[in-house]
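Structure first, then comments.
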Amino acid sequence: MSPVRRAMALASTALPTKTGLSLWCPTSSSLVRRFPARFSPIGSRIASRGLVTASFANENREFVIIGGGNAAGYAARTFVENGMADGRLCIVTKEAYAPYERPALTKAYLFPPEKKPARLPGFHTCVGGGGERQTPDWYKEKGIEMIYEDPVTGADFEKQTLTTNTGKQLKYGSLIIATGCTASRLPDKIGGNLPGVHYIREVADADSLISSLGKAKKVVIVGGGYIGMEVAAAAVAWNLDTTIVFPEDQLLQRLFTPSLAQKYEELYRQNGVKFVKGASINNIEAGSDGRVTAVKLADGSTIEADTVVIGIGAKPAIGPFETLAMNKSIGGIQVDGLFRTSTPGIFAIGDVAAFPLKIYDRMTRVEHVDHARRSAQHCVKSLLTAHTDTYDYLPYFYSRVFEYEGSSRKVWWQFFGDNVGETVEVGNFDPKIATFWIDSGRLKGVLVESGSPEEFQLLPKLARSQPIVDKAKLASASSVEEALEIAQAALQS
């Protein structure tokens, strides 16, 4: 950026926008927060030029995003779309990479070399949402300042400053926290961090796992959720002896019905995957070289392993922001329908945010790429424009496994809505199956495996409209196609 251009950008800091409201405040006149008595937008502009306070490490200080995942990438795009990124926006990330589509790390990124694995820059945001691939050069071209490999470790909300791991001091006008989650870990004392034990949240984690998979013979995966299912499917592509261990009595218990889980478990067994259900980990054992050799279960039995992957959930990456208002029941930073925290000028988006789920009238926290994308866009639009509509999210989950070359069957399912009430299952999983959740006569949620593009497009319409459906008629459908036609007809009745 030229010196003149930078000066113009700095001069505009905190000046009124076309809506007549300060960029340092919420943009609805009914929601404007007053500046603290000590705070002056003009003084802040002078400080941002380094004329009053000590110099800060970031040149772009009007908006700062902390985090380098999906939410940060989609927020950056929204700033650009609104003409408010160049010379104004700074992104601080602990990773060495520009924001990327994180779900790839447990899917195509883990494929063996001969199966055409995904690699950066192929999955930088926002390709997963049908947008432009935002490489590091893209951020430079858009005038967005990137600070890599230097996580924020401290925050002073009164002074509107941040401290990074290397000691840099950063200044912000409006702060967006997009730190996501960290993987839940097994304790050190039971071998949770032995060489050969892996957790996956970042590219470096996935690279380390790939290195192990290339040498492995026996893999044990702890956890029967999304991570466990996706990593196990990838391990099959490496032709490895693969076992999944989890304490529940079925796969993905939070979503799948017992019948649906049984069908997926059989598909995995056909691919050579073994299951140990209803089991808990006592400890992970190591050999004389310190590397993992086995997983010992609570019942005293052991499973040999030279690579162990832990996928037992995640927790919000609160970091230095624990003094903000938290939601103690579901975790995460409490925000409203515009992603504002209780502290003026500070927002939280993506996995780390506990937000009001308008459609079901409850607070929730969603760890999913779709929410990361949508919450980022909604937050930035609310910050920059007169957009004051409450975020109205429809829960959506999906998974894609066994999608590498040579796979006997590629799996892709999608779910929309709420998995409450009674269920109706249609289809025999060859090749399709659908599950409908019905509560008080209304269709609340729907999952379809191996649907067509048109069928997948129908699902959110059904889940959002919650039509009254005839359960008996739905259950008598001879195929998934017929069942979806019945549900679609209920939309119009």
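The values are calculated or read from the model by the stated rules, or taken from the named source; none is laboratory data. None of the values given here were measured: they were computed from a predicted structure. As a convention, Cβ positions derive from the backbone with ideal geometry for all residues, glycine included, and neighbour counts pool all protein chains shown. Each accessible area value is taken on the protein alone, full model and side chains, heavy atoms only, with ligands, DNA and RNA left out. Shrake-Rupley method; radii C 1.70, N 1.55, O 1.52, S 1.80 Å.
Charged (D, E, K, R), out of contact with any helix residue (DSSP H, G or I) (no Cβ under 7 Å at 6 or more places or on another chain) and over 14 Å from Gly69 (Cα atoms): is that true of Lys140 in this structure?
Numbers: charged (D, E, K, R): yes; out of contact with any helix residue (DSSP H, G or I) (no Cβ under 7 Å at 6 or more places or on another chain): yes; over 14 Å from Gly69 (Cα atoms): yes.
Criteria met by Lys140.
Which pairs have Cβ atoms under 6 Å, sit 6 or more apart or on different chains, and link a residue in the range 415-440 that is more than 24 Å from His368 (Cβ to Cβ) and open to solvent by less than 60 Å² (accessible area, probe 1.4 Å) to one that is part of a loop (DSSP other than H, G, I, E, B) and of a type outside the set (Val, Ile, Thr)?
Hits for this filter: Val426/Ala477.
Any residue in the range 159-175 that is outside the structural domain of Glu149 (by the TED database) sitting within a Cβ distance under 7 Å of a residue that is open to solvent by less than 10 Å² (accessible area, probe 1.4 Å)? List the pairs, counting only those 6 or more apart or interchain.
Within 7 Å, no pair qualifies.
Being closer than 30 Å to Gly154 by Cβ and of a type in the set (Asp, Glu): is that true of Asp188 here? Walk me through how you get there before you give the answer.
Working: closer than 30 Å to Gly154 by Cβ: yes; of a type in the set (Asp, Glu): yes.
Answer is yes for this residue.
Only one of (1) within 27 Å of Leu357 (Cβ to Cβ); (2) open to solvent by less than 10 Å² (accessible area, probe 1.4 Å); (3) more than 29 Å from the chain's Cα centre (by Cα) is not met by Lys471, so which one is it?
(2)
For Glu248, which of the numbered conditions (1) in contact (Cβ under 8 Å) with a residue 60 or more places away in the chain; (2) acidic (Asp, Glu); (3) under 29 Å from His371 (Cβ atoms) fails to hold?
Result: Glu248 passes all but (1).
Show the residue pairs that are 6+ apart or on different chains and have beta-carbon atoms under 7 Å apart, the first residue being within the range 340-355 and of a type in the set (D, E, K, R), the second being assigned to a strand (DSSP E or B) and modelled with pLDDT of 95 or more.
Partner pairs satisfying both residue conditions: Arg340/Phe347; Asp351/Cys181; Asp351/Pro316.
Here are Leu213, Leu267, Leu209: which of them is closer than 27 Å to Asn70 by Cβ, touching a Phe, Trp or Tyr at 6+ places or on another chain (Cβ under 8 Å) and either touching a residue at least 12 places away in the same chain (Cβ under 8 Å) or acidic (Asp, Glu) (or both)?
Leu213
Do we have any residue at all in the range 209-223 that's open to solvent by less than 10 Å² (accessible area, probe 1.4 Å), in contact with an Asp or Glu (Cβ under 9 Å, 6 or more places away or on another chain) and assigned to a strand (DSSP E or B)?
yes
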